[in-house]
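Okay, so here's the structure we're looking at.
The values are calculated or read from the model by the stated rules, or taken from the named source; none is laboratory data. Bear in mind that the values here come from a model prediction, so they are computed numbers and not experimental data. Virtual Cβ from ideal backbone geometry, glycine too; neighbours counted across all protein chains shown.
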Amino acid sequence: MKLTWARGAVAAGLALTLAACGSNSGDKAAAGTGDSSKPITIGLMVAISNALSDPKLFVNPAEMAVGEINAAGGIGGRQIVLKQYDSDFTTQGAITATQKAIADKVEGIIGLPVPDQVLAVRPLLDRAKIPLLFTGGGYAAAYDPNSTKGASVWSFRVGPPSELTVNAGVQYAVKTLGAKKLGAVLRDDAAKGTNEQAAKDGATAAGGEIIASRTNPLNSTDVTTQILAMKDANAVVTTEYQPGIVAVLKAIQQQNLKIPTIVGQTGMQVYLQKLAPDLIKTMYSAAPCNMADPANDRVAKWVTDFQAKYNFMPDPNAATVYDGFYLLKTAYENAASSSPDDRLKALESIDYKDGICVPYKTDAQHFMSGTEVIISFESGTPKTVQTFDFQNQK
């Protein structure tokens, strides 16, 4: 495997080319996805300079997927070249990275964890007609064919919307943990309003209520005021990333509240990075999947292979990045065409059941899953204690 780091004035790039095994340029896929003698460039956009997690969490599963796909013949006979761009967590970081990716003639992008970023790159994607499989965000970053304010038609969420994460976590807190009164600490971004409504909806559906809701600046670690407003709550739900989650856990302990905290999928990184080992026994994570408690033997084998290759436990982020490359491969080969419009239609009709994290099926708002699991850390090992299937519920 040849690995080359290409750095430019606009964004850092990782160009990864893997040697091809035999491909059949005469089949339908090879004939339709473009000249099989030319590689297909896919961009990976993640935070590098201000990363909350080691970028390898995203880079390594991307490498793994690209290596497997190229060894099996590529996408329609075309070998994948992977380029990485530092998107930071800001809208300007996302815009700069996307501009560089377009200049590099990428034919697909995977990444961007913040809904504000997905919204910010809409004009660029609309003009370039490049699919983005984004890895974070919810209804605030949803595609709406009747609105000019949502995400680009070229944007697809690899996984469920963040609002379902909040809804599932709140329902579990009320129904299973008996927490009828909840507080909500919401990351101050484009999704704060929809996440707050999801918390209220989940609480109402389960027979509870949100008694206090407060926002917090991105990655701020001073949440004392927010937690003081929740002194009568039986549990706290938060949409924060790792720094905010740890701050919430510590503030709850400092106020001697002795109540559980419900977090999103980044809660797994709080566990894996050992950021609050003495506090996570009262933490529950709502996430699309739990790699530490695999859903079946095939996923368990993937986790074992990943750990053997990279020496760390993958989390839901790693699994969805890996799956994203197979979603692009499936859609582009189903399209049997290099036409952007044909590829768009193929992504809109994706029904891919072989995902490592979840099965994927695109809905009208371009969300590709509705599965959430609740992970308990009470025993010291992440265990899946409940599964929600919002996409197929009646």
Item to check | Filter result (touching a strand residue (DSSP E or B) at 6+ places or on another chain (Cβ under 7 Å) and either buried (at least 18 other Cβ atoms within 10 Å of the Cβ) or aliphatic (A, V, I, L, M) (or both)) within the stretch 193-214 | outcome: N195, E196, A199, K200, A203, G208, I210, I211, A212, S213, R214
Item to check | Residue under evaluation K309, criteria (1) at pLDDT 95 or above; (2) under 21 Å from the mean Cα position of the chain (by Cα); (3) within 27 Å of G108 (Cβ to Cβ), criterion not met | outcome: (2)
Item to check | Cβ-Cβ under 6 Å pairs, at least 6 apart or on other chains, the stretch 349-372 side more than 16 Å from L133 (Cβ to Cβ), far side outside any strand (DSSP E or B) and among the hydroxyl-bearing types (S, T, Y) | outcome: E372/T165
Checklist outcome for this item: Counting only strands (runs of 3 or more DSSP E) entirely within the stretch 235-337, those with at least 2 residues that are surrounded by fewer than 23 Cβ atoms within 10 Å (Cβ to Cβ) and on the phi > 0 side of the Ramachandran plot are none
Next on the checklist: Only one of T224, T204 is under 19 Å from T176 (Cβ atoms) and not assigned by TED's automatic domain parsing to the domain that holds T90. Can you tell me which?
Outcome noted: T204
Item to check | Qualifying positions in the stretch 272-292 - touching a residue at least 24 places away in the same chain (Cβ under 8 Å) and more than 23 Å from N234 (Cβ to Cβ) | outcome: L272, Q273, L275, P288, C289, N290, M291, A292
Item to check | Selection status of V158, surrounded by 24 or more Cβ atoms within 10 Å (Cβ to Cβ) and closer than 30 Å to A206 by Cα | outcome: yes
Item to check | Within the stretch 131-151, tally of residues that are more than 25 Å from V263 (Cβ to Cβ) and either crowded, with 24+ Cβ neighbours inside 10 Å or among the acidic types (D, E) (or both) | outcome: 3
Checklist entry - What is the residue count in the stretch 215-234 for residues that are β-branched (V, I, T) and either crowded, with 23+ Cβ neighbours inside 10 Å or within 25 Å of E372 (Cβ to Cβ) (or both)? => result 3
